[in-house]
Amino acid sequence: AMCRAGFFAGSTGLRPQSSKEAFARKSMKLLTALCLALALTLCAPTGFAQKKVDVQVGMEEITGSVQDTFAQHFKELITADIPEWNMEIYPVGVLGDANDMAEQVMSGVIQFDMPTSHLGSFVPMVRIFGVPYIWSNDMEVNKELMTKSKALYDILGAAYEKNNMKLLAIFPEGWQYWSSNKPLRKLEDFKNLRIRILADPMLAEIYKAYGANPLQVSYSEIYSALQLKQLDANIQPLFAHEEMSFYEQQQYFTNPFEMPFVSTFVANLDWYNTLPQAQKDAIAKAAQASVAYTIEAADKMNSERQEKMQKTRADLVFYQLTPEEQAPIRAKAPEIEKKFVGMAGPEGQKLLDALRAERETLENAKK
């Protein structure tokens, strides 16, 4: 009504106006302009609303896992900073297996993924995560390496980019534990041991060097293979042994301090490069915060899952190899490192040397 009054009041005849009338006319024109601006704002077409953008995150683990913890926290943080993103998280099996999702993120079908060492079939240098005893016995040192290492983010990161992936984060999910039906404390215990490994030739080389018979079995089929006595041993972080109920079929759990289980968080590089800098900054910030959050959650999860297994089965034995027990197994590491370099090439040797130097620097600083 005020707007209509303003339009009509603005119409005049030809008679001369007094100063009061001129002032009133100018005031009414100003009111009319303000009313029009308000009307345009309130009546703007809904088509100008910000459009939602679908963003997919693949992971290699089930809902409730360590990777899921990372993904959910990242989603919470990133959608607060980029509200136009509609983010969906897909656990393993929904979009295919681990290799399927790696191919999907490289081709741009999905935007984010959390590949582990299986990615070595596409990026051989990723097998650094499967080199035994390249890591510190001190997990705090390993956490710092994975979050800050120039060797990993520069040298390994460049290898990811050659395969159309942006390496955003690396985080440990806990130590890899051997589970078995007998104690595993010396190399002789591995003779002809049928041990399940990921589809990674690096891991095959490790356990062949120990004298075992490594077998590639899909994650979803491990339980039945243990139950049917087709496998004698398995390698997983503690939370996985519990959440997949592998402990129901195995009695002994041994931490050899051989390697942590490592996940990476990547984006499709072509898609990432189209993003404005503000969104790239938001991704980096959310990824870093999610790593810190997930490391703490993984520590708690592994501890709680171990307690839960022990309460369920009082006969379970958890054991950590002493430095003396580790020594003969560690002695196999140099020949396995040569296998890694054979797969990864000169850049692999460069990465190996740089990562070892960074680890030693951090360990010396803590002494």
- Note on the structure: For the chain, the accessible surface attributable to carbon and sulfur atoms (probe 1.4 angstrom, ligands and nucleic acids excluded) amounts in percent to 55
- Spatial separation of Cα centroids for segment 224-243 and segment 76-132, in angstrom: 24
- Message: Full-extension gain between S224 and K182, please, as 0.36 nm times their residue separation minus the C-alpha to C-alpha distance.
- Response: 13.3 nm
- Bin all alpha-carbon pair distances of segment 227-281 at 10 Å intervals from 0 and give each bin's fraction as a whole percent. 17, 33, 16, 18, 15, 2
- Message: Given Cβ point charges of +1 (Lys, Arg) and -1 (Asp, Glu) and nothing else, what value in debye, to the nearest 20, does the dipole of the chain about its Cα centre take?
- Response: 1540
- Note on the structure: Rounded to the nearest 500, the 222 nm mean residue ellipticity computed for the chain from DSSP H runs (n ≥ 4, each -39500 (n - 2.57)) alone is -15500 deg cm²/dmol
- Enter the Cα centre distance for the pair segment 244-262 and segment 306-355, rounded to the nearest angstrom. 12
- In nm, to one decimal, how far is the modelled label at V317 from the one at V53, with both set 7 Å along Cα→Cβ? 5.6
- Task: Give, in nm to one decimal, the length gained when the segment between A284 and E248 is fully stretched (0.36 nm per residue of separation minus the Cα-Cα distance).
- Result: 9.0 nm
- Computed D for segment 274-367, Stokes-Einstein, Kirkwood radius over alpha-carbon pairs, 4 °C, 1.567 mPa s, to the nearest µm² per second, is 71
- Rounded to the nearest 5, what % of the DSSP beta bridges within the chain are antiparallel ones? 55
- Which value, in Å², gives the accessible area per residue of the chain when a 1.4 Å probe is used on the protein heavy atoms? 48
- Message: Quick check on the chain: what are the equivalent-ellipsoid semi-axes from the Cα gyration tensor, as sqrt(5λ), descending, whole Å?
- Response: 59, 22, 18
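The values are calculated or read from the model by the stated rules, or taken from the named source; none is laboratory data. The structure displayed is predicted, hence computed values, not measured ones. Note that each Cβ is placed from the backbone with ideal geometry, even for glycine, and that neighbours are counted across all protein chains shown. To get the accessible areas, we keep the full protein, side chains included, count just its heavy atoms, and leave off ligands, DNA and RNA. Shrake-Rupley method; radii C 1.70, N 1.55, O 1.52, S 1.80 Å.
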